[in-house]
1. Outside any loop (DSSP other than H, G, I, E, B) and either farther than 21 Å from A:T12 by Cα or open to solvent by less than 30 Å² (accessible area, probe 1.4 Å) (or both): which single residue out of A:G56, A:G43, A:G64, A:G87 fits that description?
2. Can you say whether B:V75 is farther than 21 Å from A:T144 by Cβ and either surrounded by fewer than 17 Cβ atoms within 10 Å (Cβ to Cβ) or more than 14 Å from every other protein chain (Cβ to nearest Cβ) (or both), as far as the supplied structure shows?
3. Within the range B:69-83, which residues are part of a strand (DSSP E or B) and more than 10 Å from DNA strand C (Cβ to nearest atom)?
4. Out of (1) facing chain A (nearest Cβ under 9 Å); (2) over 22 Å from A:D115 (Cα atoms); (3) in contact with a strand residue (DSSP E or B) (Cβ under 7 Å, 6 or more places away or on another chain), the odd one out for B:D112 is which?
5. Tell me yes or no: at least one residue of the range A:57-64 is β-branched (V, I, T), more than 14 Å from chain B (Cβ to nearest Cβ) and within 12 Å of DNA strand C (Cβ to nearest atom).
6. Could you please let me know if B:L25 is modelled with pLDDT of 95 or more and either open to solvent by 40 Å² or more (accessible area, probe 1.4 Å) or within 15 Å of DNA strand C (Cβ to nearest atom) (or both)?
7. A:D106: in a loop (DSSP other than H, G, I, E, B), within 10 Å of the chain's Cα centre (by Cα) and more than 16 Å from DNA strand C (Cβ to nearest atom), yes or no?
8. Can you tell me which of A:T65, A:T69, A:T144, A:T97 is in contact (Cβ under 8 Å) with a residue 12 or more places away in the chain, away from DNA strand D (no atom under 16 Å from the Cβ) and over 13 Å from the mean Cα position of the chain (by Cα)?
There are 2 protein chains.
Amino acid sequence: MHTPHSHHPVPTPEQLQQQLADAGLRATRQRLLILESLLVLPGHPTAEQVHQRVTGQLSSVSLGTVYKTLDSFVVAGLTRRVASAEGSRRRYDADCTEHHHLVCADTQEIIDYCDPKLDELIRGFFADKGLPGFQPHSFSLHVTGSRVVDLPTAESAQQA
Amino acid sequence: MHTPHSHHPVPTPEQLQQQLADAGLRATRQRLLILESLLVLPGHPTAEQVHQRVTGQLSSVSLGTVYKTLDSFVVAGLTRRVASAEGSRRRYDADCTEHHHLVCADTQEIIDYCDPKLDELIRGFFADKGLPGFQPHSFSLHVTGSRVVDLPTAESAQQA
DNA sequence: TGCACAGGTAAGAATGATTCTCCGCAAAGA
DNA sequence: TCTTTGCGGAGAATCATTCTTACCTGTGCA
């Protein structure tokens, strides 16, 4: 099944160190915390949100450091910026593999969605079709909608 | 053919008036100019770019008015905000029909792309699949890539 | 151990984008 | 016409992000 990722599978310190090492970045306390927060926070956090969580564990970390660090993650390919239409805060995604986004119109949350079948479908479509004067590199589908909280249906209500 | 829209088909003043009227907005000189600029400018302009063009025709229009007006267009459903990852300026799209975007990684230009076949493909995919706990309303595909300027091939070069 | 060096960090100033406030004016309705 | 309402302009205010500066830490090396 390839339903929305549930981030959360809390990463071990070793995994974090490894990721930073692979990206060629020194593993400072601040960076480990920032990377961890990025992986753990739901809905693609803003710098502000990352900062909030990080200061909970090491209160001295400055917002400027969070910004600079997130940027360095982006250039190192560890992280990417997420395209969003509403709100003028930048959002970050720790997952750099190709994937798609479910954007909740109500809460502004952005949920990762990943399905190789869908990738294949889209890739195939453009491979067939070709675009005049444009060479596609990557695809990202934004699905706007609303969360449904498993409302009780008429039937399930009857069962009670 | 459903290749990228080429905006530009310059709208008549009557069409503009009509659009504003349909949206329930007063048709002031400023609004007409702003709407026209939005329709005419390529690549999904920022408020700043709209302002630049508008002041070319009516120099007194203030940037604040452009912002306010664009927002009112958005709430009226005349216009929408475009999701973009890079740069921290907000961009607007006068086209509210469902469509997709080609994002040029080099120039940051955002080109509209429209193809009912693609819509159908995506819609069909999710209709089959269904998303747990999420009700999709609309889909927008972001194709990141680079413009190809019809480079001369080995052959076409030989012809010269 | 002692010494430069590279890179990181915190703090706050600076910048840039967007929103807000306030006031005069023009348009729509009575 | 008189009134009410909304619109637009100017500039202040706010918010997000970047830059500057100075300090600090860990590292390599004599």
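1. Numbers: A:G56 fails: either farther than 21 Å from A:T12 by Cα or open to solvent by less than 30 Å² (accessible area, probe 1.4 Å) (or both); A:G43 fails: outside any loop (DSSP other than H, G, I, E, B); A:G87 fails: outside any loop (DSSP other than H, G, I, E, B).
Residue meeting the stated conditions: A:G64.
2. No: the conditions fail for B:V75.
3. Pass one, the range B:69-83, residues part of a strand (DSSP E or B): B:80-82.
Those that are part of a strand (DSSP E or B) and more than 10 Å from DNA strand C (Cβ to nearest atom): B:R80, B:V82.
4. The failed condition is (1).
5. Of the range A:57-64, the ones β-branched (V, I, T) are A:61.
From the residues that got through so far, the ones that are more than 14 Å from chain B (Cβ to nearest Cβ) too are A:61.
Keeping just the survivors that are within 12 Å of DNA strand C (Cβ to nearest atom) gives A:61.
Looking through the range A:57-64, at least one residue is β-branched (V, I, T), more than 14 Å from chain B (Cβ to nearest Cβ) and within 12 Å of DNA strand C (Cβ to nearest atom).
6. Numbers: modelled with pLDDT of 95 or more: no; either open to solvent by 40 Å² or more (accessible area, probe 1.4 Å) or within 15 Å of DNA strand C (Cβ to nearest atom) (or both): yes.
Here the answer is no, as B:L25 does not meet what is asked.
7. Values: in a loop (DSSP other than H, G, I, E, B): yes; within 10 Å of the chain's Cα centre (by Cα): no; more than 16 Å from DNA strand C (Cβ to nearest atom): yes.
No.
8. Working: A:T65 fails: away from DNA strand D (no atom under 16 Å from the Cβ); A:T69 fails: away from DNA strand D (no atom under 16 Å from the Cβ); A:T97 fails: over 13 Å from the mean Cα position of the chain (by Cα).
The unique qualifying residue is A:T144.
The values are calculated or read from the model by the stated rules, or taken from the named source; none is laboratory data. Source: prediction; values computed, not measured. Methodologically, a virtual Cβ is constructed for each residue, glycine included, from the backbone with ideal geometry; neighbour enumeration extends over all protein chains shown. Accessible surface areas use protein heavy atoms only, side chains included; no ligands, DNA or RNA. Shrake-Rupley method; radii C 1.70, N 1.55, O 1.52, S 1.80 Å.
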